[in-house]
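> Before we start, here is the structure in question, set down as structure tokens.
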Amino acid sequence: MHIVACVKQTPKSDNVKIDPATGCLIRSGAESAMNPFDEYALEEAVLLKEQLGGTVSVITMGPPQAEAVLRDSIARGADRVYQLGDRAFAGSDTWSTSYALSKGIEKINSILPVDLIICGKQTNDSDTGHIGPQISAWLGWPNAAFVKKVIAADDKTITVERLTEDGGEVLQLPYPCVLSVVKDINSPRVRSVKGRLAAKRAEITVWTADDVAADKEKLGITHCPTRVVKSFVPKREVTASVVAGANAKERGAKLVALLKENNYI
Ligand SMILES: Cc1cc2nc3c(=O)[nH]c(=O)nc-3n(C[C@H](O)[C@H](O)[C@H](O)COP(=O)(O)OP(=O)(O)OC[C@H]3O[C@@H](n4cnc5c(N)ncnc54)[C@H](O)[C@@H]3O)c2cc1C
């Protein structure tokens, strides 16, 4: 089995501020780490490798400092790591990002055929949940999103349980395929001392857009189809009023009248 986990470096806190002038996230000064959902994606890849044998590769698209999440991936059990690092990728929306990642995965596939791609459900900065399903669309591989459990896996198919709005469903997918996983799926392991040492020595392969034969007309802020017109933090306005009355019955009746008046009931 060759499993590719997609991992993104994101700010450590959910409380990332938006620059009111530019509408962009203020990333400078914010401490970064592996996107929390991606710890579960990588852990599932390593668990499957331990069960079925094989190789775990990790890919990230990001600036030079994103190398840190690749070293962290080695410490957590990955065998090979790849970084898409090129100014041509900067400012990409989800369509461009998933395109670039799919080109990177095609290149990994040409080195060692890929059976399975595992993404996190979403990131804690842009938070769209688009990337896993979009990678599957670019590659034409089947996809299961919101996977909470791997029920069975062998060298031909993988059977998973996924969350849906009204419960869940069980899907069996042939390889190659793409999964996006939720946090219920496992408990990420603690990094081993051996893993930490290997992480320090690891060679990071960095690819440009040309290296992965990506069409530059599909990359970067000038070519992506999404335009962010405005980003802002909504103002929270909390008001409260106390319903007065001689006793609980009177206060209750007034409260019901108030709720009806405002069309809440
Ligand atoms: C017009 C526009 C401009 C943008 N400009 C910038 C910019 O200049 N700089 C910037 O940082 N962001 C920018 N973004 C945000 C950027 O597009 C998203 O961060 C990116 O597409 C990933 O989407 P997401 O974070 O919502 O991932 P989700 O779809 O929520 O992530 C799901 C999973 O996909 C995988 N994944 C996601 N991103 C990556 C990645 N980069 N590498 C590997 N795996 C990944 C992970 O497994 C993750 O758990 C821009 C967005 C738009 C719309």
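The values are calculated or read from the model by the stated rules, or taken from the named source; none is laboratory data. Owing to the predicted nature of the structure, the values given are computational and were not obtained by experimental measurement. Here Cβ is always computed from backbone atoms with ideal geometry, including for glycine, and neighbour counts include all displayed protein chains. Accessible surface is based on the protein model in full, side chains and every heavy atom, while ligands, DNA and RNA are left aside. Shrake-Rupley method; radii C 1.70, N 1.55, O 1.52, S 1.80 Å.
> So which GluC sites (Glu not before Pro) in region 167-265 are both in a DSSP loop and have at most 15 other Cβ atoms within 10 Å of their Cβ?
Glu203, Glu237
> How much area per residue is accessible in region 2-223 when the probe is 1.4 Å and only protein heavy atoms are counted (Å²)?
Result: 48 Å² of accessible area for each residue.
> Continuing with the same structure: Have a look at Ser57, Ser136, Ser192 and tell me which one the Gaussian network model of the chain (Cα, springs below 10 Å) gives the largest fluctuation.
Result: Ser192 has the largest fluctuation of those listed.
> Subtracting the Cα-Cα distance from 0.36 nm times the residue separation, let me have the gained length for Tyr264 to Val170 in nm, one decimal.
Roughly 30.0 nm would be gained on extension.
> Give me the percent of accessible area attributable to carbon and sulfur for region 54-194, probe 1.4 angstrom.
50 percent
> With every protein chain left in place and a probe of 1.4 Å, what is the accessible surface of Thr94, to the nearest 10 Å²?
30 Å²
> Next up: Considering only Lys12, Lys218, Lys230, give the residue with the highest GNM mean-square fluctuation for the chain, with springs between Cα atoms whenever their separation is below 10 Å.
Most flexible of the set in this elastic network: Lys230.
> Mind computing the radius of gyration and Dmax over the alpha-carbon atoms of region 2-223? Å is fine for both.
Using the Cα atoms of region 2-223, the pair Rg, Dmax is 16.7, 52 Å.
> Still on this structure, please answer the following. For Leu197, Leu179, Leu171, write out the residues from largest to smallest accessible area, computed with a 1.4 angstrom probe and no ligands counted.
Solvent-accessible surface, decreasing: Leu197, Leu171, Leu179.
> Also, quick follow-up: Between Pro176, Pro234, Pro133, where does the largest GNM mean-square fluctuation fall for the chain, given springs only between Cα atoms within less than 10 Å?
In the Gaussian network model the winner is Pro234.
> For the chain, what proportion of DSSP beta bridges, expressed in % and rounded to the nearest 5, is antiparallel?
Approximately 40 percent, going by the DSSP bridge assignments.
> Which distance in Å, rounded to a whole number, links the C-alpha centroids of region 27-67 and region 118-162?
14 Å
> Within 10 Å of each candidate Cβ there may be at most 15 other Cβ atoms; applying that plus a DSSP loop requirement, which trypsin sites (Lys or Arg not before Pro) in region 132-197 survive?
Loop-located and lightly packed - Lys156, Arg189, Arg191.
> In addition: So how far apart, in nm, are the two label points at Ser126 and Val190 if each is 7 Å from Cα heading toward Cβ?
For the pair Ser126/Val190, the computed spacing is 3.5 nm.
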